Amino acid sequence: MATTSSATTKVTLPSDLEIQVTREFDAPRDVVYKAMTDPKLIPQWWGPRSDKTTVDKMDVRPGGAWRFVSTGPNGTYAFRGEYREIVPFEKIVQTFEFEPMAGHISVETATLADLPGGRTLFTSRSVFSSKQDRDGMVQSGMESGLRETYERLDEVLAKLAR
């Protein structure tokens, strides 16, 4: 099993079809959930700083669609999916698809758990339809983009938690 980590983010490959990410956030669970489900907040933290993200759709309910469009030095591209399960403040299950590589859809389960001191443990488990799809995601540079995205989310959470 491959594993990499930084101070608070850990990326593991628990099986040939999975990527698991854990991250501790210095904010209460309800604040983290709000930042992840409020379409007005998504553009403040989604993706690298060099990109501008707009929320095209975000209907946070089972069966609801989401679509984020990012524009930056490498062009314009979009991500989309459908919410499958929502347990407010605890769990979000959604599909994830990078539109330039349509048809390679993963299912992401994100959970939020309370930690001492008003912190939150975020865990995301992405399941792919093949090892090739999973490896393609790992090799895409997703880890560095993920870390930058979570650093930006830390900044948004610090403002919201005041």
message: Cross-link candidates for K91: which lysines have Cα within less than 17 Å, leaving aside residues fewer than 8 places away along the same chain?
response: K34
- request: Keeping all protein chains in position, work out how much accessible area L115 exposes to a 1.4 Å probe, and write it in Å² to the nearest 10.
  value: 50 Å²
message: Rounded to the nearest 20 debye, what is the charge dipole size of the chain about its Cα centre when +1 sits on each Lys and Arg Cβ and -1 on each Asp and Glu Cβ?
response: 320 debye
message: Step by step: find N for the range 1-84, compute 2.2 N^0.38 Å, then divide the Cα radius of gyration by it. What's the final number?
response: 1.26
- prompt: Along the charge dipole of the chain, which of I86, S130, S144 sits closest to the positive end, that is, farthest toward it, with unit charges on the beta carbon of Lys, Arg, Asp and Glu (+1, +1, -1, -1)?
  reply: I86
- prompt: Can you pull the three principal axis extents for the Cα set of the range 85-133, in Å, largest first?
  reply: 41, 20, 16
query: Modelled label-to-label distance, Y77 and D114, 7 Å Cα→beta-carbon offset: nm?
result: 4.0 nm
Estimated FRET transfer efficiency (S129, D26; beta-carbon r; R0 35 Å; 0.05): 0.50
task: With the full set of protein chains in place, find how many percent of the accessible area of the chain is carbon and sulfur; take the probe as 1.4 Å.
output: 52 percent
statement: Partner lysines whose C-alpha sits under 18 Å from that of K40, ignoring same-chain residues fewer than 8 away, are K52, K57, K159
- request: Provide the net charge surrounding D56, with neighbours chosen by a C-beta distance below 9 Å and charges set as Lys +1, Arg +1, Asp -1, Glu -1.
  value: +3
message: Quick check: convex hull over the Cα atoms of the range 75-162, volume per residue in Å³, rounded to an integer?
response: 126 Å³
- request: Taking only protein heavy atoms into account and a 1.4 Å probe, give the accessible area per residue of the chain in Å².
  value: 53 Å²
message: Based on alpha-carbon atoms only, what is the radius of gyration of the range 15-162 relative to the globular estimate 2.2 N^0.38 Å?
response: 1.00
field: Alpha carbon convex hull of the range 62-111, projected area averaged over orientations, nm²
entry: 3.9 nm²
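The values are calculated or read from the model by the stated rules, or taken from the named source; none is laboratory data. What you see is a predicted model, and the numbers here were worked out from it, not measured in a lab. Don't worry about glycine lacking a Cβ; one is built from the backbone with ideal geometry, like all the others, and counts go over all protein chains shown. When the accessible area is computed, the model is the full protein with side chains, heavy atoms only, and any ligands, DNA or RNA have been set aside. Shrake-Rupley method; radii C 1.70, N 1.55, O 1.52, S 1.80 Å.
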